[in-house]
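S.K.: Just passing along the structure, written as structure tokens.
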Amino acid sequence: MADLNQYSRILLDLIHLRQTDYDAFMDRLYEALTGEFKDALYDTSPIEEKSQAVWSMIKHFEKQEEFEKCASLKKIIEEIDIKPINK
């Protein structure tokens, strides 16, 4: 798992990209959620919120015709809907 400094850098990067380059923001968020920060999907935040966020990413990548990313994100949806969250 990534360390706190790396986590902070990526969050700052995402905040900046969301305001300046939405496509790059979605690409970087995808990289983070399918890579070094995939465990973030299993935190204690509500499953509905996580599912909604991932579905918005799927819709974005469908418009971009990046269907491999959509398939990966749909697998994430299945995992977070099934995996119990420790509270």
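S.K.: Summing Lys, Arg as +1 and Asp, Glu as -1, what charge do residues with Cβ under 11 Å from the Cβ of residue 24 carry, residue 24 excluded?
M.R.: Working: positive: 18, 28; negative: 13, 21, 23, 27, 31.
Taking every Cβ under 11 Å from that of residue 24, the sum is -3.
S.K.: Taking the Cα centre as origin and putting +1 on Lys and Arg beta-carbons and -1 on Asp and Glu beta-carbons, what dipole magnitude results for segment 4-82, to the nearest 20 debye?
M.R.: Using only the charged Cβ atoms, the result is roughly 120 debye.
S.K.: Continuing with the same structure: Relative contact order of segment 1-70, please, whole-number percent, based on alpha carbon pairs below 8 angstrom and at least 6 residues apart. Provide the component values of the computation, followed by the final result.
M.R.: Values: 29 pairs, mean separation 16.8, N = 70.
Normalised by residue count, the contact order of segment 1-70 is 24 percent.
S.K.: Can you pull out the GluC sites (Glu not before Pro) in segment 9-87 that DSSP calls coil and that have at most 12 other Cβ atoms within 10 Å?
M.R.: Answer by residue number: 65.
S.K.: State the label only: which of (i) 12.7; (ii) 15.7; (iii) 13.5 corresponds to Kirkwood radius over Cα pairs in Å computed from the shown model?
M.R.: The value computed from this structure is option (iii).
Since every read-out is calculated from the coordinates, none of them should be taken as a lab result. Every value quoted in this text rests on a predicted model; they were computed, and no experiment measured them. Ideal geometry is used to build each Cβ from the backbone, glycine not excepted, and the neighbour counts take in all protein chains shown.
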